[in-house]
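Here's the structure, in structure tokens; my notes come after.
The values are calculated or read from the model by the stated rules, or taken from the named source; none is laboratory data. In this text the structure is predicted, and so the values were computed from the model without any measurement. Quick reminder, even Gly has a Cβ in these numbers, built from the backbone with ideal geometry, and neighbours come from all protein chains shown. For accessibility, only protein heavy atoms count, side chains too; no ligands or nucleic acids. Shrake-Rupley method; radii C 1.70, N 1.55, O 1.52, S 1.80 Å.
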Amino acid sequence: MTKKEIADFLKDTDKSRLEDLAAKAGKITAAQFGKVISLYAPIYLSNYCENNCVYCGFKASGGVRRKKLTLEQIESEMKIVSGSGIRNILLLTGESRKMSPVSYLKDAVNIAKKYFSSISLEVYPLETEEYAELYRAGVDGVTVYQETYDRKRYDGLHLSGKKKDYDYRYNTPERIALAGIRTISMGVLAGLADLHKDLFSLFAHLEYMEKNYPGVEYSVSFPRLIIEPGDVTDYRKITDVDLVKCIILTRLKFPRVGINLSTREQAPLRDHALAFGVTRISAASNTSVGGYVDGVQDDPQFRVKDLRSLKEIERVLRSKGFDPVYTDWRRIDNTPV
Amino acid sequence: MDRHPPLEIAGKTIKNRFFLGTGKFGSKAEMMNCIKESEIEVVTVAMRRVDAEEDSENLLEYIPDDVILMVNTSGARNAEEAVRIARLAREAAGVEWIKIEVINDSKYLLPDNNETIEAVKVLASEGFTVFPYMLPDLYAARAMEKAGAAAIMPLGSLIGSGEGLKAKKFIEILIRETSLPVVVDAGIGRPSQAAEAMEMGAAAVLANTAVALANDPGNATLAFSLAVRAGRLAWLGKMAGPQKDAVASSPLTGFLFEE
């Protein structure tokens with residue numbers, strides 16, 4: 001699709017065209033990925049953060065209660081999550097190098113190796129050598145979102161902290177790839193800026209990465225900004241139709257790229273999106289630090305909207321003709337020969 | 001009933017020359033039924049999908065015991081990773097048959113022949129029975145043969161494409177010029193394409209997407225098995241006495257002999 005066709009489709013209100021392209025995207029997805037959906041879950045290790053991102057619950061100036069799990073607490077969380085059947089784990093922290101240094105991440109990864117077959121990180125951007133260190137320790141994937149590709153808007157939304165440096169963040173996927181990491185997840189926080197500009201820029205970023213680092217398995221996400229009542233920050237409302245269009249366009253343009261959809265979205269949309277592009281979903285997630293042990297979701301980074309249990313999600317997947325996949329990578333020794 | 005001799009590889013005798021890939025199925029039970037109903041004898045399983053635990057989610061629980069398990073190294077980006085995955089398969093599942101898949105291009109999923117040759121060298125020397133998945137290139141095939149491959153697995157066309165034998169000419173050359181069994185893998189979308197591969201002398205055909213995404217995978221598996229068998233018989237039939245087109249006269253040189 002050309003840039004113009006993409007822009008037109010985003011504005012298009014023609015329901016039958018939407019349906020046609022969804023069907024096309026569904027066919028491509030099935031041919032490339034089969035009738036399987038990979039499942040993962042997040043574990044939040046720490047919510048200390050040195051950035052001030054206007055839209056984020058973890059921002060340094062925000063009132064969230066700060067917590068950082070001890071290694072014992074990390075293991076307790078992991079026992080619960082792996083006990084439920086999850087084998088792909090995503091470990092998250094706020095962006096504080098001081099409170100969650102690389103050594104801490106490495107300790108967490110070493111514990112995770114006992115419980116999970118594949119480990120991914122969503123933490124603050126690191127240097128290439130640090131990524132390489134974590135890769136050798138057993139990390140297979142890294143998630144980093146640019147949030148928005150609109151530089152001006154980016155500057156206005158990221159008030160202080162290391163994240164204010166747009167270029168450093170933009171170059172992060174490249175540093176991850178150079179370190180040897182297998183899977184990279186990219187994305188935008190939909191709603192921060194003009195969607196179609198962000199989508200073009202994300203696609204361009206992804207194309208650049210595919211061309212230069214073809215051995216990496218890429219995936220994308222379109223987390224939607226949750227707009228709270230009283231927000232005055234000029235966020236764009238992203239409708240379900242918008243989100244569905246993002247998924248379809250990604251699939252048409254990138255047949256092999258994985259598409260993730262988290263529990264930030266509600267169950268009906270998640271269930272339907274499986275049929276036209278989504279390949280990976282989180283399940284039974286708790287987005288609070290220590291949330292699996294505590295059994296509550298207080299001070300989360302975002303509110304989980306799909307609260308179904310793993311068994312329930314498994315049942316829905318099967319009823320729709322999908323095989324739930326828990327293990328889709330078996331960790332091997334990553335040390336260079 | 002069997003008019004054609006079975007395929008023999010590394011001491012195993014294989015009557016059904018249709019090999020089945022186990023990814024992409026909407027249900028593991030359905031995949032198992034396909035194997036049983038069509039008496040599939042060789043299946044490939046991605047090591048990356050094999051659970052560490054033996055529970056109801058473990059793919060291996062759905063593969064009947066008498067089926068030959070060929071584990072593939074999907075996810076390997078270079079020879080060393082393929083070797084590590086193969087060793088893991090041996091340790092964790094006791095598997096000796098390895099389909100070497102080395103892919104360093106997530107967009108087209110084309111195999112890297114150079115790295116694959118290196119992996120064949122190492123794994124064959126470690127006693128594995130190795131089946132390199134490859135782009136049909138004669139030099140690479142010769143190197144793989146020399147390195148100890150048990151068979152070669154050239155792609156028919158891009159994986160998952162269902163485009164059939166786009167690489168037909170080059171696969172034919174491999175069949176003619178190497179003494180290894182040639183198993184055509186990837187891109188086979190219809191039973192007729194599988195039959196075509198067998199008619200030109202392939203030893204076996206492997207498919208996955210075409211079956212797993214069929215509305216009725218059971219019937220699709222059977223159709224592929226029969227097509228592969230028919231193609232094999234056609235190949236043998238031709239060997240017994242292919243008919244050249246009759247030439248009625250000699251328009252160019254006939255004049256030399258005119259009375």
Is it the case that the range A:297-311 has a residue that's farther than 28 Å from A:THR70 by Cα, modelled with pLDDT of 90 or more, within 14 Å of chain B (Cβ to nearest Cβ) and surrounded by 18 or more Cβ atoms within 10 Å (Cβ to Cβ)? no
Among the residues of the range A:152-173, is any buried (at least 21 other Cβ atoms within 10 Å of the Cβ) and within 16 Å of A:VAL220 (Cα to Cα)? yes
Within the bounds of the range A:250-258, is there any residue that is part of a strand (DSSP E or B) and modelled with pLDDT of 90 or more? yes
Pick from the range A:57-82, criterion β-branched (Val, Ile, Thr) and assigned to a loop (DSSP other than H, G, I, E, B), ranking: modelled with the lowest pLDDT: A:VAL64
Return yes when A:ARG280 is under 30 Å from A:ALA31 (Cα atoms), open to solvent by 50 Å² or more (accessible area, probe 1.4 Å), in contact (Cβ under 8 Å) with a residue 24 or more places away in the chain and within 14 Å of the chain's Cα centre (by Cα) and no when it is not. yes
Scan the range B:99-128 for residues that are aliphatic (A, V, I, L, M), within 20 Å of the chain's Cα centre (by Cα) and within 14 Å of chain A (Cβ to nearest Cβ) and report the count. 5
From the residues in the range B:56-73 that are hydroxyl-bearing (Ser, Thr, Tyr) and modelled with pLDDT under 95, which one is nearest to the chain's Cα centre (by Cα)? B:TYR62
Quick one: which residue in A:LEU189, A:LEU249 is over 25 Å from A:SER120 (Cα atoms) and in contact (Cβ under 8 Å) with a residue 40 or more places away in the chain? A:LEU249
Could you go through the range A:246-261 and let me know if any residue there is open to solvent by 40 Å² or more (accessible area, probe 1.4 Å) and of a type in the set (S, T, N, Q). no
Go through (1) on the phi < 0 side of the Ramachandran plot; (2) more than 9 Å from every other protein chain (Cβ to nearest Cβ); (3) open to solvent by 20 Å² or more (accessible area, probe 1.4 Å) for B:GLY94 and report which single condition fails. (1)
State which residue is least open to solvent (accessible area, probe 1.4 Å) when the search covers only the range A:29-56 and only residues that are part of a loop (DSSP other than H, G, I, E, B) and within 14 Å of chain B (Cβ to nearest Cβ). A:GLY34
Condition check for A:TYR154: more than 30 Å from B:VAL50 (Cβ to Cβ) and more than 14 Å from every other protein chain (Cβ to nearest Cβ): yes
Take the residues of the range B:1-26 that are among the aliphatic types (A, V, I, L, M) and open to solvent by 20 Å² or more (accessible area, probe 1.4 Å): which is nearest to the other protein chains (Cβ to nearest Cβ)? B:ALA10
Kindly list the number of the only condition in (1) touching a helix residue (DSSP H, G or I) at 6+ places or on another chain (Cβ under 8 Å); (2) in a loop (DSSP other than H, G, I, E, B) that fails for A:MET99. (1)
Filter result (without any contact (Cβ under 8 Å) to a residue 60 or more places away in the chain and part of a loop (DSSP other than H, G, I, E, B)) within the range A:140-174: A:VAL144, A:GLN146, A:THR148, A:TYR149, A:ASP150, A:ASP165, A:ASN171
Residues of the range B:27-55 that turn out to be at the interface with chain A (Cβ under 10 Å from one of its Cβ atoms), open to solvent by 10 Å² or more (accessible area, probe 1.4 Å) and more than 19 Å from the chain's Cα centre (by Cα), as a count: 10
Here is a list of conditions, (1) in contact (Cβ under 8 Å) with a residue 60 or more places away in the chain; (2) away from every other protein chain (no Cβ under 14 Å); (3) open to solvent by less than 50 Å² (accessible area, probe 1.4 Å), and A:ILE74 meets all of them except one; can you say which number that is? (1)
Quick test for you: out of A:LEU243, A:LEU199, A:LEU192, pick the one residue that is over 29 Å from A:ALA112 (Cβ atoms), more than 14 Å from chain B (Cβ to nearest Cβ) and not in a helix (DSSP H, G or I). A:LEU192
One residue is enough: does the range A:111-127 have a residue meeting the conditions of a type in the set (Asp, Glu), under 21 Å from A:ASN47 (Cβ atoms), open to solvent by 50 Å² or more (accessible area, probe 1.4 Å) and touching a Leu at 6+ places or on another chain (Cβ under 8 Å)? no
